[in-house]
Amino acid sequence: MARDTEYILKLIEEHGMATAQDIFAAREAALNSDDIVDPVDVLLKQGKIQENELLSMLAQQYGWEFVDLNDFDIDPSVIESLSVDIAQHYGVFPVMKHDDVITVAMSDPTDMEKLDTLRYLLGTDVDAVIAPDAQIQKMIAKYYHEEEEESDVDQQDFDASDQIIESSNAAANPGVQEDDDTPIIRLVTKLIVDAYKMKASDIHLEPMEKRYRVRYRIDGALREVDGPPKYLQPNFTSRVKILSGLDITEKRIPQDGRIRITVNGQDVDLRVSSIPTNFGESVVMRILDKASIQLDIPKLGFYADDLDMVTRIINYPDGIFLVTGPTGSGKTTSLYAFLNTINTPARKLITVEDPVEYQLPGINQVQVDRHVDMTFAAALRSMLRQAPNIIMVGEIRDVETAEIAINASLTGHLVFSTLHTNDAPGAITRLVDMGVKPFLVATSLRAVMAQRLLRRVCSECKAPYTPTPSECRLLGLTPEYLANHQFYKGKGCRRCGGTGYKGRIGIYEIFLITEDIAKMIFNNENSSTLRDFARRNGMRSLRDDAMRKVEAGISTLEEVLFVTLRDE
């Protein structure tokens, strides 16, 4: 962040502080100098202009106050408002603090980017006065002397709070000095820690044409937060890429990496993805909080009848149990909860995942690695030679993986896996479309569970409300039904960030493969026929389960429509 030299030179000439010839000579001297590269500095060094006169002129031009810091006696609480590393890095010194406004002394009023950065770093408004740089440095040395001596202690305190980011691959960018831009390091750290504390599932750093947008995904919905100034975009991207072991010199192709941090003593992993866009690299960091994963099946949102059904399914001796739904619908969490429940010393469990998101004690977890041909199919084929009782395949993506999983289930193994389908019966069609023979699906599949995540009404601002005519029409709510049920909605408060929602709960559609349904699959009936038959025989749809949550005051009709409209 350099001064606007050309503008300053223009003002110097207009105010008669130096002649055009003096300025031309200063330009030439700056070009030919090994250590002075700014014509303004040349004029100051040659004595053509005086620093106090220059600063007074700039102060008048910008409407700022020119101060003599030698006359200031600074209150310690003001000093504490600005850390020593920020003061030293940006060459500023705090002189006043009133309400939520901090006033700093700086020597260059043309450097407006510096003020923007300080406002973002400090999270408050920042005003400025002008003072000579030598006085600013003298005040920093005087008032921050003790802090500099205790800087190691301060760093230890910061480490003790477990909010320091650790690079998962420090050798990915040899020669990079991470301490060269401490404020950027702190900014990125704060961004990630704030997202974790707000229970965000991922962080989106998105370069726009004129701004750098930052959004957190909280309870499945994106929420924009204050982002850094646009000019800090390259610094932000580079810092994140360094942390995740990505190549900071490569900006033309997508890259994937991983960051490991600790926050308040909790281990947190972040999966990082960068992709080039028109205005720079877009970065998404998915937060994998090991402490927050719910491994207790009843807490996932199953009612007693569904819980009994799921418990029975996961204790089958063999067969395939599929969990379906879009990305971010909680499939992996459900599978981990199932595995954790049936993980006993008498059983051997092996998983193959891409990637291994959470470490489960007592379970052998295998990471897919296509660079060495460790695909789902290859890993699954080798896993069978390990004599497992239960296998979990992260996702069935092709016919080879599907057929190996089916063969495993037919030879006495219980297999868990996922598919991307909109509903549970749709998994049958998906497998057949992959190339799996219908008779193999009919004989190996035990059940399919579709799921979604429904946002919970915030308990702090929860209040009764009357459904709109549109909601009643779309959901088919009769006057009799409305008369017998109470509905709730969040008004929006500080706890829920004004959204009216806090947290999420699962909704489920469990499709049991009965003898009749197996015959229908064998006869290659389509998913609509299978779905209609299952519904007539007691299967609850996603919307049915969602409405049960609404009737219990857990969620809203608005949320039901948003999550399940496409599934009915």
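Each reported figure results from applying straightforward, stated rules to the coordinates on display, with no laboratory input. Given the structure is predicted, the values throughout are model-derived calculations rather than measurements. We place every Cβ from the backbone using ideal geometry, glycine too, and count neighbours over all the protein chains shown.
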Given the pairs Lys97/Lys230; Lys210/Lys331; Lys10/Lys114, which span a C-alpha to C-alpha distance of over 31 angstrom in this model?
Lys210/Lys331
For the range 187-271, what is the Kirkwood hydrodynamic radius in Å, using each pair of distinct C-alpha atoms?
13.7 Å
Heads up, the range 321-418 by the C-alpha gyration tensor (a ≥ b ≥ c square roots of eigenvalues; a/c under 1.5 rounded, else a/b over b/c prolate, else oblate) looks rounded
Can you tell me the equivalent ellipsoid semi-axes for the range 436-534? Use √(5λ) from the Cα gyration tensor, largest first, whole Å.
40, 19, 10
Can you figure out the FRET efficiency of Glu551 with Asp73, using R₀ = 60 Å and their beta-carbon distance, to the nearest 0.05?
0.35
The chain: calculated mean residue ellipticity at 222 nm from DSSP helix runs of at least 4, using -39500 (n - 2.57):
-11500 deg cm²/dmol
Under the rule a/c < 1.5 gives rounded, and otherwise a/b versus b/c splits prolate from oblate, where does the chain land using the Cα gyration tensor?
prolate
Cysteines without a disulfide-compatible partner in the chain, using Cβ under 4.7 Å as the rule?
Cys472
So what's the convex hull volume per residue for the Cα atoms of the range 248-329, in Å³?
182 Å³
At the level of C-alpha centres, the distance separating the range 310-347 and the range 419-460, in angstrom, is 13 Å
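State to the nearest 20 debye the size of the charge dipole of the range 58-133 about its Cα centre, where the only charges are +1 on K and R beta carbons and -1 on D and E beta carbons.
The dipole of the range 58-133 has a size of about 140 debye.
Name the shape class, rounded, prolate or oblate, that the alpha-carbon gyration tensor gives for the range 15-55, where a ≥ b ≥ c are the square roots of its eigenvalues, rounded holds for a/c under 1.5, and otherwise prolate holds if a/b is larger than b/c and oblate otherwise.
oblate
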Restricting to lysines 8 or more places apart or on different chains, can you count the pairs in the range 369-505 with Cα atoms under 19 Å from each other?
5
P(r) for the range 363-408: what percent of alpha-carbon pairs falls in each 5 Å bin, starting at zero?
5, 21, 37, 25, 10, 1
Per-residue counts of other Cβ atoms within 10 Å, averaged by peptide: what ranking do you get for 364-372, 110-118, 329-337, highest first?
329-337, 110-118, 364-372
For Asp133 and Lys437, calculate 0.36 nm times their separation in residues minus their Cα-Cα distance, and state this gained length in nm to one decimal.
101.6 nm
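In nm, what is the difference between 0.36 nm times the number of residues separating Lys491 and Lys348 and their Cα-Cα distance?
Residue separation times 0.36 nm, minus the Cα-Cα distance, leaves 46.6 nm.
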